[in-house]
Amino acid sequence: MACLYVFNPENDLALACGEPNFTPPAMARQIKRDLQLIQLWIGDEGYIYAPVNDINTCFVDRMKSCFPKSCGNQNLYVDGTNIDCISPWGWSSAIASELSKRFKDYINIDVSKIRELSHRKTSISICSYLLHYFPEIGNFSMPELCNTENDVTAMLKKYGECMVKAPWSGSGKGVFRINKVNYSNYLNWIRSTIRKQGSVICEQYLDKQQDFALEFYSDGKSIKYIGPSVFFNNSRFSYERALVASSDLLEKHLFNFMPRSYFERLKNAMVYVLDKIVPQIYTGYLGVDMMIYKEDGNYRIMPCVELNLRMTMGLIANRVGTNVLEKGKVADMSIIWHKDTKSAMEYIGSQKMPVIKDGMLESGTLLLSPLYPDSRYTAVVTVRDKD
C-alpha cells in the first residue's frame with residue numbers, strides 16, 4: 001500500500017492550538033524545511049511529499065541506490081500519482097485542513113478524537129490500566145490532572161519537587177521542573193495554561209537515569225510492537241539524540257536496568273492497554289515515552305511518561321538501526337542546530353565520510369536529509385568507533 005508521507009513536525013503545537021488555521025513559529029518552519037525528507041527512512045512503500053527539485057531528487061535517488069532495504073520503495077510525490085493513504089508525521093486540524101485542499105478523498109479521520117487522546121491526561125489513563133491489569137509491573141507515582149492552581153500547590157506540598165506539563169505542547173515546550181523555591185516563577189504560566197487549556201498535568205520529579213520509548217503501529221484494528229528507542233533529552237526537556245542499533249542491542253542496553261522478563265511483561269502489557277484505546281481512533285505509528293529512574297538506590301520504571309500519537313524521531317532511529325546500520329554496530333542519531341548554513345557545511349565537512357557495504361552503513365556519518373542553501377538543522381547518524 002503506497003502512502004503519502006508528510007513531514008509536519010509542528011504537529012504538537014498545532015494540537016495545542018486546536019484550530020485549522022495555524023501558523024507554526026519560525027523554528028518549527030525551519031525544521032520542517034531542513035528535514036523534509038526524514039520520512040524516507042521509515043522503510044515502507046510510499047511517496048515523500050516534498051518539492052521535486054534537483055537537490056531532493058538527487059538525494060532520494062542516491063539513498064535508494066545505497067540503502068535499497070530502507071529507501072528502495074520510496075519516491076518523491078509527483079502530482080497525479082496514485083496513492084492509497086496519507087501518513088503525516090501527526091494529525092491535527094491544521095494538517096487535515098491543509099491536505100484536504102489537494103487530497104480531500106483521503107482525509108477520513110476524526111482529528112478531534114486524536115487531539116483528545118493526545119492530551120497528556122492519557123498518560124494517567126494508561127498508568128491506571130497498567131496498575132489495575134498488570135500489578136506485577138510494580139508501583140509508581142501516578143501523574144495527576146490539576147484543574148486549579150491549588151491542585152498544583154497540593155502536589156508540590158506532597159512531593160516537594162514536581163514536573164508540571166501543559167496538556168498539549170511541542171517538544172520540550174510547556175514542561176517545567178518546579179519546587180518550593182522557584183514555584184512563584186511559574187505561577188503566571190500555570191494560571192495561563194489552565195485558563196487556555198483547562199488544566200495542567202503534575203507528577204513527582206524523579207531521578208531520571210535513562211529515557212526510552214516503545215514504538216508501535218496501529219492498523220486501525222490492533223497494535224503491533226515495532227521495537228524500542230533509547231534517547232536523550234537536553235536540559236530543556238527537548239529531544240537531542242538517540243542510540244541507533246538493532247532492536248536486540250537496544251533491548252540489551254535496557255536490560256542493564258531491568259530483567260528481560262520485566263521488559264517482556266511491560267511490552268505485552270502496553271500492547272494490551274493500547275489495543276483498548278488507540279485502534280478505534282488512529283491508524284499509524286505511535287510511541288510511548290518511558291523513563292528509568294532511581295529510588296532508594298534501585299532502578300525503577302515509569303511506564304508512561306507520554307503517549308505520542310504520531311511518528312517520532314525514536315521511530316526514525318529504530319528504523320535506521322534495523323534497515324540501514326550494519327548489524328552489531330552502534331551509532332548516534334542527532335538533530336543539530338547550526339548558526340548558519342556555512343556552519344552546517346563545515347560541520348558535515350569535519351565528519352568522516354560514510355562507508356556503505358552491501359547496502360548497510362558500516363562507519364562514518366550519514367546525512368538523513370540533504371543540505372539546502374538555507375539549512376540550519378541537520379539530522380545525522382554517526383557510527384561509533386569500536387571501543
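The values are calculated or read from the model by the stated rules, or taken from the named source; none is laboratory data. Computed from a prediction, not measured in an experiment: that's the story for all the values here. Backbone-built Cβ (ideal geometry, glycine too); neighbour counts: all protein chains shown.
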* From the list 13, 35, which one is in contact with a strand residue (DSSP E or B) (Cβ under 9 Å, 6 or more places away or on another chain) and assigned by TED's automatic domain parsing to the domain that holds residue 101? -> 35
* Among residues of segment 327-347, those that are surrounded by 17 or more Cβ atoms within 10 Å (Cβ to Cβ) and either in the same structural domain as residue 217 (by TED's automatic domain parsing) or among the β-branched types (Val, Ile, Thr) (or both), counted -> 2
* Asked: Quick check: is even one residue across segment 262-275 in contact with a strand residue (DSSP E or B) (Cβ under 9 Å, 6 or more places away or on another chain), of a type in the set (S, T, N, Q), surrounded by fewer than 18 Cβ atoms within 10 Å (Cβ to Cβ) and in contact (Cβ under 8 Å) with a residue 60 or more places away in the chain?
  -> no
* To do: Please work out if residue 243 is touching a Pro at 6+ places or on another chain (Cβ under 7 Å) and of a type in the set (A, V, I, L, M, F, W, C).
  => no
* Looking only at segment 220-228, decide whether some residue is more than 16 Å from residue 287 (Cα to Cα) and either surrounded by fewer than 14 Cβ atoms within 10 Å (Cβ to Cβ) or out of contact with any Pro (no Cβ under 8 Å at 6 or more places or on another chain) (or both). => yes
* Residue among 66, 85, 3 that alone is surrounded by 19 or more Cβ atoms within 10 Å (Cβ to Cβ), among the hydrophobic types (A, V, I, L, M, F, W, C) and either touching a residue at least 24 places away in the same chain (Cβ under 8 Å) or not assigned by TED's automatic domain parsing to the domain that holds residue 277 (or both) -> 3
* Asked: Going by the structure shown, is residue 44 surrounded by 14 or more Cβ atoms within 10 Å (Cβ to Cβ), in a loop (DSSP other than H, G, I, E, B) and not assigned by TED's automatic domain parsing to the domain that holds residue 200?
  -> yes
* Of 352, 339, 386, which residue is among the charged types (D, E, K, R), closer than 20 Å to residue 32 by Cα and outside any strand (DSSP E or B)? -> 339
* **Top-ranked residue in segment 128-165 [being touching a helix residue (DSSP H, G or I) at 6+ places or on another chain (Cβ under 6 Å) and of a type in the set (Phe, Trp, Tyr); ranked as modelled with the lowest pLDDT]** => 134
* Of the criteria (1) in contact with a helix residue (DSSP H, G or I) (Cβ under 9 Å, 6 or more places away or on another chain); (2) part of a helix (DSSP H, G or I), which one residue 20 fails -> (2)
* The lone exception for residue 299 - which of (1) assigned by TED's automatic domain parsing to the domain that holds residue 253; (2) in a loop (DSSP other than H, G, I, E, B); (3) surrounded by fewer than 16 Cβ atoms within 10 Å (Cβ to Cβ) it fails -> (2)
* **Meets criteria (touching a residue at least 24 places away in the same chain (Cβ under 8 Å), assigned to a loop (DSSP other than H, G, I, E, B) and out of contact with any helix residue (DSSP H, G or I) (no Cβ under 7 Å at 6 or more places or on another chain)) for residue 56** => no
* Hey, can you tell me all the residues within segment 213-265 that are touching a helix residue (DSSP H, G or I) at 6+ places or on another chain (Cβ under 7 Å), more than 23 Å from residue 327 (Cβ to Cβ) and part of a helix (DSSP H, G or I)? => 265
* Structure fact -> Within segment 241-261, the residues that are surrounded by fewer than 18 Cβ atoms within 10 Å (Cβ to Cβ) and either charged (D, E, K, R) or in contact with a Ser or Thr (Cβ under 8 Å, 6 or more places away or on another chain) (or both) are 247, 248, 252, 260
* Test residue 379 against the stated conditions and say whether it is modelled with pLDDT under 95, closer than 15 Å to residue 34 by Cα and buried (at least 18 other Cβ atoms within 10 Å of the Cβ). => no
